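Okay, structure first, notes after.
Nothing in this text is a laboratory measurement; each read-out follows from the coordinates by a stated rule. This is a predicted model, so every value here is computed, not measured. Methodologically, a virtual Cβ is constructed for each residue, glycine included, from the backbone with ideal geometry; neighbour enumeration extends over all protein chains shown.
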Amino acid sequence: MGKLKKVERQSNLEAHLEEDPFLTDDQLAKIFDVSIQTIRLDRLELNIPELRTRVQHVAREGADKIRALSVQDVVGEIIDIELNDNAISLFIIESGHVFEKNEIARGHFLFAQANSLCVALIDEPLALTSKAEVDFKRPVMLNDKVIAKAKVISMDKNRAQIEVESKVNGKVIFTGKFEMYYKDEDGAE
């Protein structure tokens, strides 16, 4: 994308963030071929908060719906959730999530993101993982943004089948099939 005039750039910036609210200032600077400082100034003028604030705002909205666990127990941030149907979470890989030697994310964090998303998705006070079949497709690196999407395939009696697909930059890095056991408030199954 060639250099745009300020008004055009700001308009396009808003459109890009509407399409993908998880774009970093660095990624936006590369898209628009400007400095990170220019992007930050554009965001300030447009009253667009920085990435973490945008994510936290969206996460707070989804957290109010969750029944089976507290929002602090979710690995990553719930971005969108339709109970008993589908959910999306974002997990940013930080230094405590990677192997020191090669900065590759530890697999149990990717599993935990997917697993906690499945638990959060069930609209009952008790939801536990009874079985999981997972496949790690490619390595995830320090500072990567992992977007996990979970979809309920079936729910009958006290079992739910949920599929999860996690991506980094649009590339699949993890898939999983989870069987969840759940109970309602009366203890009925």
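Taking Cα pairs under 8 Å and at least six residues apart, what relative contact order does the range 1-49 come out at, in percent? Provide the component values of the computation, followed by the final result.
Values: 25 pairs, mean separation 19.6, N = 49.
Relative CO of the range 1-49 lands at 40 percent.
About the Cα centre of the range 6-48, what is the dipole size in debye to 20, counting +1 per Lys and Arg Cβ and -1 per Asp and Glu Cβ, all else neutral?
About 180 debye.
Note down the relative contact order for the chain as a percent, whole number, built from C-alpha pairs under 8 angstrom at least six residues apart.
On the way: 341 pairs, mean separation 32.0, N = 189.
In percent, rounded to a whole number, it is 17.
Among LEU121, PHE109, ILE88, pick out the residue whose Cα is farthest towards the positive end of the charge dipole of the range 84-189, where Lys and Arg carry +1 and Asp and Glu carry -1 on C-beta, about the Cα centre.
Value computed over the given set: PHE109.
Taking the chain as the reference, fit the longest principal axis to its C-alpha atoms, fit the long axis of helix 6-19 to the helix C-alpha atoms, and give the angle between the two in degrees, 0 to 90, nearest 10.
10
Could you compute Rg(Cα) / (2.2 N^0.38 Å) for the range 6-48, with N its residue count?
Relative to the 2.2 N^0.38 Å estimate, the range 6-48 comes out at 0.97.
Sum -39500 (n - 2.57) across every DSSP H segment of at least 4 residues in the chain, then divide by the residue count to get the 222 nm mean residue ellipticity, nearest 500.
Counting only the DSSP helices, I get -10000 deg cm²/dmol.
What is the set of long-range amide H partners of ARG106 at a cut-off below 5 Å, with H atoms built 1.01 Å from backbone N?
Answer set, sorted by chain and number: VAL98, PHE99.
For the range 97-137, restrict the atom set to alpha-carbon positions and state the Rg and Dmax in Å.
13.0, 41
Just for the Cα atoms in the chain, what are the lengths along the principal axes, largest first, rounded to whole Å?
Projected onto its principal axes, the Cα set of the chain covers 62, 37, 25 Å.
Per residue of the range 116-132, in order, report the coupling 6.51 cos²θ - 1.76 cosθ + 1.60 (Karplus, θ = phi - 60°) as ³J(HN,Hα) in whole Hz, putting x for Gly and Pro.
Residue by residue, the range 116-132 yields 5, 5, 5, 4, 4, 5, 7, 8, 9, x, 10, 9, 10, 7, 9, 7, 9 Hz.
Rank by packing, highest mean first: peptides 149-156, 23-30, with packing defined as the count of other Cβ atoms within 10 Å averaged across residues. Could you put the intermediate results ahead of the total?
Values: 149-156: 15.0, 23-30: 16.5.
The densest-packed peptide leads the list: 23-30, 149-156.
Rounded to the nearest 20 debye, what is the charge dipole size of the range 68-183 about its Cα centre when +1 sits on each Lys and Arg Cβ and -1 on each Asp and Glu Cβ?
Once rounded to the nearest 20, the dipole reads 360 debye.
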